[in-house]
Amino acid sequence: MKRIIPILIFILLFSCTSSQRSFNFENEIHGIVSKVVDGDTVYVSVMTNTLKVRLADIDAPEKKQQYGQEAKIFVKNLSLNKEVVIHLKGIDRYGRTIGTVVVVTNGANLNQELLKNGWAYWYKQYSTNVNLGILEGQARSNKMGIWASTNNNPPWEWRRKNKH
């Protein structure tokens, strides 16, 4: 049932014609970030619903992984309790909405900011946006965030090694 609810919300938002505030026909949803789960997942309150949103094209360290808490704090500082626009890309196999999240007040693109500041990897396995790869490369060159350490383990490898 938990997987069905986000899908139903997504479908309802796509079929909605009366609420321009929460949805415009350019595949955007407006809401307020109500919780930060980790560096690449947030909850966004939309009208009376809450969407679990996975940031598209990036992969941040897991909460229990080195730099995971720093990535989460970075996202909290940028977005918690702020109005955002989600540029929708789809729904993943876990029922999460996938999208690019932009903070309305300052235009900060969370996906890009995480890469620029070195708190995430460009998830090139699931992304064709090479500009994000450039942002990651610049953070690596400047030894920002996770790139300050030479002992990095990408989140997808960490998850594979730490399956329960």
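Bear in mind these aren't lab numbers, they're just calculated from the coordinates by the rules spelled out. Computed from a prediction, not measured in an experiment: that's the story for all the values here. A quick note on method: Cβ atoms are made from the backbone with ideal geometry, for glycine too, and the neighbour counts reach across all protein chains shown.
At a glance:
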{"read-out": "Partner aspartates and glutamates for K161 [C-alpha distance under 20 Å; skip if fewer than 8 residues away on the same chain]", "value": "D38, D40, D59, E62"}
{"read-out": "Stretch gain in nm, segment S141-V37, where the contour uses 0.36 nm per residue and the Cα spacing is subtracted", "value": "34.6 nm"}
{"read-out": "Cα→Cβ-extended label distance, 7 Å offset, between K76 and K163, nm", "value": "3.1 nm"}
{"read-out": "FRET efficiency, T48 to T150 (Cβ-Cβ, R0 35 Å, nearest 0.05)", "value": "0.15"}
{"read-out": "Modelled label reach - V104, point 7 Å along Cα→Cβ, the stretch 37-61 residues with backbone N closer than 11 Å", "value": "47"}
{"read-out": "Listed residue (S34, Q112, P155) projecting farthest to the positive dipole end of the stretch 4-158, Cβ model", "value": "S34"}
{"read-out": "Full-extension gain in nm, K63 to H87, via 0.36 nm per residue minus C-alpha separation", "value": "6.2 nm"}
{"read-out": "5 Å binning of all Cα-Cα separations within the stretch 4-158, expressed as whole percents from 0 upward", "value": "2, 10, 19, 23, 19, 14, 8, 4, 2, 0, 0"}
{"read-out": "For Y123, net neighbour charge (Lys/Arg +1, Asp/Glu -1) across residues whose Cβ lies under 13 Å away", "value": "-2"}
{"read-out": "Mean separation of Cα contacts under 8 Å (6+ apart) over length of the stretch 4-158, as relative contact order %", "value": "21 percent"}
{"read-out": "Long pairs among K52/K76; K76/K124; K52/K143; K64/K116, criterion Cα-Cα beyond 20 Å", "value": "K76/K124; K52/K143; K64/K116"}
{"read-out": "Counted charge near N162, where neighbours are those whose Cβ lies closer than 12 Å (Asp, Glu -1; Lys, Arg +1)", "value": "+4"}
{"read-out": "Cα-based equivalent ellipsoid, the stretch 115-162: semi-axes from gyration tensor eigenvalues, Å", "value": "18, 16, 6"}
{"read-out": "Karplus 3J(HN,Hα) series, Hz, for the stretch 41-57 with 6.51 cos²θ - 1.76 cosθ + 1.60 (x for Gly, Pro)", "value": "9, 9, 9, 10, 7, 10, 6, 9, 10, 10, 9, 8, 10, 9, 5, 6, 6"}
